[in-house]
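Step one of this worksheet: look at the structure below.
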């Protein structure tokens with residue numbers, strides 16, 4: 001296929017927010033277009049640890065407080081933004097091993113979201129082998145950062161989940 005065809009085909013995933021980094025095989029996504037499903041704040045209910053979670057963001061942020069009443073408080077927040085705000089509140093007792101487990105917690109939440117919801121699983125699988133990049137100019141850990149030097153951990157996890165799902169089919 002021509003590069004133009006790949007660009008047009010890929011543009012279906014994120015209207016106005018696709019940036020092809022280095023080649024047409026890298027897909028930078030944001031909350032617009034079909035790639036909204038890649039964003040942790042989107043309202044895809046998941047069940048993990050025998051509890052329902054309004055979003056994967058709720059689950060991720062609550063895991064910072066395992067063994068405390070704050071886990072349930074985060075789970076019950078009205079919006080993913082509220083969950084994130086509470087999860088980032090450093091006056092609350094962050095679990096001591098958070099830095100060691102946060103990638104695994106994110107992977108577990110993302111995998112469950114895409115296992116649970118067939119419609120978005122198909123969108124993720126349709127990215128085939130594209131490099132997925134969390135297009136966040138302010139997040140250098142989960143995203144690419146303003147200058148593209150970020151770790152893109154969420155993009156990496158999405159690609160790992162895509163491979164797991166592909167092998168399950």
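The values are calculated or read from the model by the stated rules, or taken from the named source; none is laboratory data. This is a predicted model, so every value here is computed, not measured. Ideal geometry is used to build each Cβ from the backbone, glycine not excepted, and the neighbour counts take in all protein chains shown.
Yes or no: segment 138-153 includes at least one residue that is closer than 23 Å to residue 63 by Cα and touching a residue at least 60 places away in the same chain (Cβ under 8 Å). Don't jump to the end; show me each part of the working.
Let us first name the residues in segment 138-153 that are closer than 23 Å to residue 63 by Cα, namely 138-143, 151-153.
Now restrict to residues that are touching a residue at least 60 places away in the same chain (Cβ under 8 Å): none.
Within segment 138-153, not a single residue is closer than 23 Å to residue 63 by Cα and touching a residue at least 60 places away in the same chain (Cβ under 8 Å).
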Inspect all residues belonging to segment 91-114 and state whether any of them is farther than 30 Å from residue 68 by Cα and surrounded by fewer than 18 Cβ atoms within 10 Å (Cβ to Cβ).
-> no
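Collect the residues in segment 124-133 that are out of contact with any strand residue (DSSP E or B) (no Cβ under 7 Å at 6 or more places or on another chain) and either under 9 Å from residue 159 (Cα atoms) or surrounded by 18 or more Cβ atoms within 10 Å (Cβ to Cβ) (or both), keeping them in residue-number order. Give the steps one after another, and end with the answer.
Going through segment 124-133, the residues out of contact with any strand residue (DSSP E or B) (no Cβ under 7 Å at 6 or more places or on another chain) turn out to be 124-126, 128-129.
Answer for segment 124-133, where residues must be out of contact with any strand residue (DSSP E or B) (no Cβ under 7 Å at 6 or more places or on another chain) and either under 9 Å from residue 159 (Cα atoms) or surrounded by 18 or more Cβ atoms within 10 Å (Cβ to Cβ) (or both): 124, 129.
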Do we find a residue being surrounded by 20 or more Cβ atoms within 10 Å (Cβ to Cβ) and either part of a loop (DSSP other than H, G, I, E, B) or at pLDDT below 95 (or both) anywhere in segment 60-72?
-> no
Among the residues of segment 28-51, is any more than 16 Å from the chain's Cα centre (by Cα), assigned to a strand (DSSP E or B), modelled with pLDDT under 95 and surrounded by 14 or more Cβ atoms within 10 Å (Cβ to Cβ)?
-> no
Could you tell me which numbered condition residue 159 fails, if it satisfies all but one of (1) touching a residue at least 40 places away in the same chain (Cβ under 8 Å); (2) touching a strand residue (DSSP E or B) at 6+ places or on another chain (Cβ under 7 Å); (3) part of a helix (DSSP H, G or I)?
-> (1)
Number of the exception - residue 145 against (1) over 13 Å from the mean Cα position of the chain (by Cα); (2) modelled with pLDDT of 95 or more | (2)
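Regarding segment 103-112, can at least one residue be identified that is assigned to a loop (DSSP other than H, G, I, E, B) and farther than 14 Å from residue 156 by Cα? I'd like the intermediate steps shown before the answer.
Just the residues of segment 103-112 that are assigned to a loop (DSSP other than H, G, I, E, B), to begin with: none.
No, the conditions are met nowhere in segment 103-112.
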Are any of the residues in segment 3-12 within 20 Å of the chain's Cα centre (by Cα), buried (at least 19 other Cβ atoms within 10 Å of the Cβ), at pLDDT below 50 and in a helix (DSSP H, G or I)?
-> yes
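Suppose we filter segment 146-169 for residues that are farther than 15 Å from residue 103 by Cβ and surrounded by 18 or more Cβ atoms within 10 Å (Cβ to Cβ); how many remain?
At the first step, the residues of segment 146-169 found to be farther than 15 Å from residue 103 by Cβ are 146-149, 162-163, 165-169.
Retained after the next criterion (residues that are surrounded by 18 or more Cβ atoms within 10 Å (Cβ to Cβ)): 162.
Qualifying residue count, segment 146-169: 1.
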Which of (1) assigned to a helix (DSSP H, G or I); (2) over 23 Å from residue 47 (Cα atoms); (3) touching a strand residue (DSSP E or B) at 6+ places or on another chain (Cβ under 9 Å) is the odd one out, the single condition residue 99 does not satisfy?
-> (3)
